1. Please work out how much length the chain gains when fully extended from ALA119 to ALA76, using 0.36 nm per residue of separation minus the C-alpha to C-alpha distance, in nm with one decimal.
2. What is the spread of the Cα atoms of the chain along each of their three principal axes, largest first, in whole Å?
3. Got the relative contact order for the range 19-112 handy, in percent, Cα pairs under 8 Å and 6 or more residues apart?
4. Could you tell me, in Å, what Rg and Dmax come out for the Cα atoms of the range 99-163?
5. Write down the accessible area per residue of the chain in Å², having rolled a 1.4 Å probe over the full set of protein chains.
6. Once you have the Cα-Cα distance between GLU57 and GLN154, take 0.36 nm times their residue separation minus that, and quote the gain in nm to one decimal.
7. Just how far, in whole angstrom, is the range 31-89 from the range 93-163 if you go by their alpha carbon centroids?
8. Normalised by the number of residues in the chain, what is the relative contact order in percent for Cα pairs under 8 Å and 6+ residues apart?
Amino acid sequence: MPDFDDEIQFSPIVNHDAFMRIALKEASYALEEGEVPVGAVIVKNGKIIGRGHNQRETLNDPTAHAEMIAITQAAAELENWRLVGATLYVTLEPCPMCAGALVNARMKRVVFGVDDRRAGGCGSVLNIAQHDRLNHHVEVVHSILKEECGGILQDFFRSRRET
């Protein structure tokens, strides 16, 4: 797993593009491993506290989504399962499982690149992140670096169909 030594400190002004580019770097690690190229980073107070990329095939674990790995890492970093005030940057809209984890972790915000029209849990198919009956709501920001995030996924699935 990559270290945090390539991190840059960002100003307190939200720079969604910069953090999404780091999530795209994580997605490229998944691509190199033959995984669906989804990457995620979790940021709190301008600092990355967790990162991950899909590892379902590598770990033979259906829950090894980029978001879940990043959440686990962030909770360990903070020594607290409550990720209050943190933002998740992820290249693909979280699925219902991951959206539920964001709510459970009390995440402040999720920022994603491309909608998942087949299994999205943050507004495309379901809206677990902001469901009225849940005890916590996660702010949703979408379409950040949409072309880049969608492109890596399209290229991956196109190459799978050609083989």
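The values are calculated or read from the model by the stated rules, or taken from the named source; none is laboratory data. This is a predicted model, so every value here is computed, not measured. SASA here: full protein model, heavy atoms, side chains in, ligands and nucleic acids out. Shrake-Rupley method; radii C 1.70, N 1.55, O 1.52, S 1.80 Å.
1. On the way: separation 43, 0.36 × 43 = 15.48 nm, distance 2.79 nm.
Gain on extension, ALA119 to ALA76, equals 12.7 nm.
2. Projected onto the principal axes, the Cα atoms of the chain cover 44, 39, 30 Å.
3. Values: 204 pairs, mean separation 24.5, N = 94.
Value for the range 19-112: 26 percent.
4. Gyration radius and largest Cα-Cα distance of the range 99-163: 14.0, 46 Å.
5. On the way: 8480 Å² over 163 residues.
So the chain comes to 52 Å² accessible per residue, rounded to a whole number.
6. Details: separation 97, 0.36 × 97 = 34.92 nm, distance 1.88 nm.
Value of the extension gain: 33.0 nm.
7. 13
8. Details: 347 pairs, mean separation 29.1, N = 163.
Relative contact order of the chain: 18 percent.
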